[in-house]
């Protein structure tokens, strides 16, 4: 190996470590300013409305069609074993355990995460964050922290809406379209879904995904180059990194939850 190659590797490694350190410092600063932000909850409420309420349409429609597909595929599989009445249980467990939190997080990254990155990036390109610092206003406390907690709060609510609408979609296909007994559909679901083991794990996943997606979006916007090209590249990185982080964390959390 030549000295030039080792120098390039070392330089790249040093830059990556510097980026990780900067991200860790930013995350710590957001957490340290959280108590001040929560005392002015109106700022967080505005972000919950912006990130959550405006994402309801895509979340609801996606959840409905996911419920359609789960019920249809589940019926064709379960009827081979004479267990078609368990379609409701299959749909509910699939949604509250996995698909609800994961698909909601991916949609949230594509809709709300990119919006956060573009907004922060444009504020940086327009030197609005610098102007705040000149006026003795902390941009992390005033801009980043409310958006972070808005995303963390909105994510579990959106995941719950996704799962609820998905169950309704499964009922429409399974009971109304196919003709499964409605009582068996709901009783199987009621008897097989545990509030703490299934719904609780889904809520924990959605919280972790909300923290991850919100922070990645804010970090990419805060650290991007203050140019139109830099903002567009940061927006793309937000979707890619958030999606990979959600899928990786889903595997880790699932392995931890079902191994206990």
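With Cα atoms defining each centre, region 1-66 and region 174-208 are spaced 32 Å apart in the structure. Relative to the longest principal axis of the Cα atoms of the chain, the long axis of helix 3-32 makes an angle of roughly 70 degrees. Extending 7 Å from Cα along the Cβ direction at residue 204 and again at residue 233 yields two label points whose distance is 3.9 nm.
Among 142, 11, the ranking by other beta carbons within 10 Å of each residue's beta carbon, starting with the fewest, stands as 11, 142. In this simple spin-label approximation, residue 172 and residue 39 carry label points 7 Å from Cα along the Cα→Cβ vector, and these lie 4.8 nm apart. Once each part is reduced to its C-alpha centroid, what is the distance from region 69-93 to region 240-260 in angstrom? Value for the Cα centre distance between the two parts: 25 Å. Working from Cα positions, state the angle (0 to 90°, nearest 10) between the long axis of helix 145-171 and the longest principal axis of the chain. For 145-171 against the chain, the angle is about 20 degrees.
Just rank 48, 195, fewest to most, by other beta-carbon atoms within 10 angstrom.
Numbers: 48 18, 195 8.
Ascending number of Cβ neighbours within 10 Å: 195, 48.
Rounded to the nearest 10 degrees, the angle from helix 228-257 to the longest Cα principal axis of the chain is 50 degrees.
A value for semi-axes √(5λ) of the Cα gyration tensor in Å was derived from the coordinates, and within the list [x] 36, 21, 17; [y] 24, 21, 19; [z] 41, 22, 16 it appears as [z].
Every read-out reported here was derived from the displayed coordinates using simple, explicitly stated rules and does not represent laboratory data. In this text, all values refer to a predicted model and were calculated from it rather than measured experimentally. Here Cβ is always computed from backbone atoms with ideal geometry, including for glycine, and neighbour counts include all displayed protein chains.
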